[in-house]
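Enquirer: Dumping the structure here so I can ask a few things about it.
The values are calculated or read from the model by the stated rules, or taken from the named source; none is laboratory data. Quantities reported herein were computed from a predicted structural model and do not represent experimental measurements. Cβ placement follows ideal geometry from the backbone for every residue including glycine, while neighbour counts extend to all protein chains displayed.
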Amino acid sequence: MSYILGQIQAIDSGSKEFFEVLNIETTEDYNKKQKFEKIKNPKIEFQDVTFQYDSNKTVLENVSFDLSKNEMVALVGPSGAGKSTIVNLLLKFYNPTSGAITFNGKKYSKLSHNQVRNNIALVFQENELFSLSIKENVAYGSDIDDKKVISSLKKANAWEFVSNLEKGIDT
């Protein structure tokens, strides 16, 4: 019984936060059609970026770094160090409180959310799979054919495993 009550309390708390997020006004225009533009030789720069979620606590203070094409970066540090905040800023979920983020020399504030997000790939430490086929999980958010799904699985060193499954990518 205590387990069930604990679950109900967790669900109640989580649902309140969920609805708070849903009520946040967006600055994105989802109806605007944009042509996908793959940026060659991308470079992202953080220039003295400071960020606060609210006026009480600074999460990032004067952070500067740059990321270049084909560079793999791991953000490590203790809880509360700003790792998730950096990712949220990279994906334009938030704007810096001060400082600047640039993408190939263009200010992030001048770029659309789609321009940024279509050119960035993230691999989270904790992954989530949907109750869909392997093909649909790999292609999530994209309209790609089986050939590209298989190519992606090969690059991720997962094709050998998947190809041995009874239904392959349709598993």
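Enquirer: Select, from Glu61, Glu20, the only residue that is modelled with pLDDT of 85 or more, farther than 21 Å from Gln115 by Cα and either outside the structural domain of Thr97 (by TED's automatic domain parsing) or in a strand (DSSP E or B) (or both).
Expert: Of Glu61, Glu20, the one residue that is modelled with pLDDT of 85 or more, farther than 21 Å from Gln115 by Cα and either outside the structural domain of Thr97 (by TED's automatic domain parsing) or in a strand (DSSP E or B) (or both) is Glu61.
Enquirer: Still on this structure: For the range 116-130, indicate whether the set of residues that are of a type outside the set (A, V, I, L, M) and not in a loop (DSSP other than H, G, I, E, B) is non-empty.
Expert: Checking the range 116-130: at least one residue is of a type outside the set (A, V, I, L, M) and not in a loop (DSSP other than H, G, I, E, B).
Enquirer: Please work out if Ala74 is part of a loop (DSSP other than H, G, I, E, B) and either closer than 30 Å to Lys167 by Cα or outside the structural domain of Val162 (by TED's automatic domain parsing) (or both).
Expert: yes
Enquirer: Suppose we filter the range 120-170 for residues that are of a type in the set (Ser, Thr, Tyr), over 30 Å from Asn104 (Cα atoms) and exposed (fewer than 12 other Cβ atoms within 10 Å of the Cβ); how many remain?
Expert: Result for the range 120-170: 1.
Enquirer: Would you mention how many residues in the range 41-54 are touching a Lys or Arg at 6+ places or on another chain (Cβ under 9 Å) and free of Cβ contacts under 8 Å to residues at least 24 places away in the same chain?
Expert: Of the residues in the range 41-54, 0 are touching a Lys or Arg at 6+ places or on another chain (Cβ under 9 Å) and free of Cβ contacts under 8 Å to residues at least 24 places away in the same chain.
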